[in-house]
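What follows is a set of notes on a single structure, which appears directly below.
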Amino acid sequence: GKVPLIGFSGSPWTLATYMVEGGSSKDFAKTKGLLYGQSRTLHQLLSTLADSVAAYLNAQIDAGAQAVMIFDTWGGALTADTYQMFSLDYMQRVVSQLTREADGRKVPVLLFTKGGGVWLEKMADTGCDALGVDWTQDIRDARLRVGDKVALQGNLDPGVLYGSADCIREQVRKVLEDFGPNPGHVFNLGHGIHQHVNPDNVKIMVDAVHEISREIRRS
């Protein structure tokens, strides 16, 4: 009978890209120019953002958020080395400052990097409780790679919600069966919902998750 309240913030790297580019970008020319040409300046910006994101999420926890998520939409635009230095290190800095218990309850922390499937093990080492997985990553493989170290959230392609009811149910089943009956899975889209999706299709997805999850647990 309760609706969970989840706190949210963009990651320091993702926020920095919007600040430097002045909006969304396809190539992040200005931000990467800063990264490769004035890295010290970018580190200063990311340091300030990391502390601000931690304070912002802690304020949400103080206000009643039961879990918090750091959303790194543009981390996948980086190389392996620069992702570690300019995105993941600063998300870990945020995680290290977060309130992990409030009102006698644990406050789970979730990390998500779109396009970050190649770095799941490193993400799991940050001290977070769960990882979001986008739709390009096989969730069965993700489970094998991180084991029981963290829970996984995901990872239905948001585009599936443009399909028929039968298609939605079929794709929901695939995600759930690929993960299997073990605990530690929060079903979700592999990224944000598209603005033009019919809300009725979201209900079909949610109902299918409930129905098929019960079926899998019984089997």
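The values are calculated or read from the model by the stated rules, or taken from the named source; none is laboratory data. Quick caveat, the model's predicted, so the values are computed rather than measured. Neighbour counts run over all protein chains shown; Cβ positions are idealised from the backbone, glycine included. For accessibility, only protein heavy atoms count, side chains too; no ligands or nucleic acids. Shrake-Rupley method; radii C 1.70, N 1.55, O 1.52, S 1.80 Å.
Could you sort Tyr56, Tyr83 by their accessible area in this structure, using a 1.4 Å probe and putting the largest first?
Of Tyr56, Tyr83, the descending order of accessible area is Tyr56, Tyr83.
So, with +1 on the Cβ of K and R and -1 on the Cβ of D and E, and no other charges, what is the size of the charge dipole of the stretch 87-219 about its Cα centre, to the nearest 20 debye?
Once rounded to the nearest 20, the dipole reads 260 debye.
How large is the dipole of the stretch 1-97 about the Cα centre if only Lys and Arg carry +1 and Asp and Glu carry -1, each at its Cβ, rounded to the nearest 20 debye?
The dipole magnitude comes to about 100 debye.
Take the chain, mark every one of the trypsin sites (Lys or Arg not before Pro) that falls in a DSSP loop and has at most 16 other Cβ within 10 Å, then report the longest stretch left between them, sites excluded.
27-99
At a Förster radius of 41 Å, what calculated FRET efficiency corresponds to the Cβ-Cβ distance of Ala165 and Lys26, to the nearest 0.05? Intermediate values should be presented prior to the final figure.
Working: r = 34 Å, r/R0 = 0.83.
Step by step, r from the Cβ atoms, then E = 0.75.
Looking only at the chain, where both bridge partners belong to it, what percent of the DSSP beta bridges are antiparallel (to the nearest 5)?
10 percent
For the stretch 1-43, which whole-number percentage of the solvent-accessible area (1.4 Å probe, protein heavy atoms only) is attributable to carbon and sulfur atoms?
Working: 1590 of 2730 Å².
So the carbon and sulfur contribution to the accessible surface is 58 percent.
At 222 nm, what value in deg cm²/dmol follows for the chain if DSSP H runs of at least 4 each add -39500 (n - 2.57) and the sum is divided by all its residues, to the nearest 500?
It lands at -14500 deg cm²/dmol.
For the peptides 5-15, 155-165, what is the packing order when you average, over each peptide's residues, the other Cβ atoms within 10 Å and list the highest mean first?
Answer by packing, highest mean first, reads 5-15, 155-165.
Based on C-alpha coordinates, I'd like the Rg and Dmax of the stretch 135-204, in Å.
12.5, 36
Run the simple label-point estimate for Met19 and Gln38 please: 7 Å along Cα→C-beta, distance reported in nm.
About 1.3 nm, to one decimal.
Around Gly10, which amide H atoms from residues at least 5 apart in sequence, or from another chain, sit under 5 Å from its own amide H, with H modelled in the peptide plane?
Phe71
Please build a GNM for the chain, connecting alpha carbons under 10 Å apart, and tell me which residue among Gly190, Gly154, Gly23 fluctuates the most.
Gly23
Determine the per residue accessible area of the stretch 157-213 with all protein chains present and a 1.4 angstrom probe, expressed in square angstrom.
With all protein chains present, the stretch 157-213 gives 56 Å² per residue.
For the stretch 1-109, what is the accessible area per residue in Å² when the probe is 1.4 Å?
Each residue of the stretch 1-109 exposes 51 Å² on average to a 1.4 Å probe.
Please report, in debye to the nearest 20, how large the charge dipole of the stretch 1-58 is about its Cα centre when each Lys and Arg carries +1 at its beta carbon and each Asp and Glu carries -1 there. Numbers along the way, then the final one.
Details: 5 positive and 3 negative charges, 15 e Å.
Taking the Cα centre of the stretch 1-58 as origin, the dipole is about 80 debye.
If I fit a long axis through the Cα atoms of helix 12-21 and take the longest principal axis of the Cα atoms of the chain, what angle between them do I get, 0 to 90°, rounded to 10?
Taking Cα atoms only, the helix is inclined about 60 degrees.
Which ³J(HN,Hα) values, rounded to whole Hz and listed in residue order, are derived for the stretch 113-128 from phi using the Karplus coefficients 6.51, -1.76 and 1.60 in 6.51 cos²θ - 1.76 cosθ + 1.60 with θ = phi - 60°, glycine and proline given as x?
Result, ordered by residue: 10, 5, x, x, x, 6, 10, 4, 4, 5, 5, 5, 7, 6, x, 6 Hz.
Roughly how many percent of the accessible protein surface of the stretch 136-219 is carbon and sulfur, given a 1.4 Å probe and a whole-percent answer?
Carbon plus sulfur share of accessible area: 50 percent.
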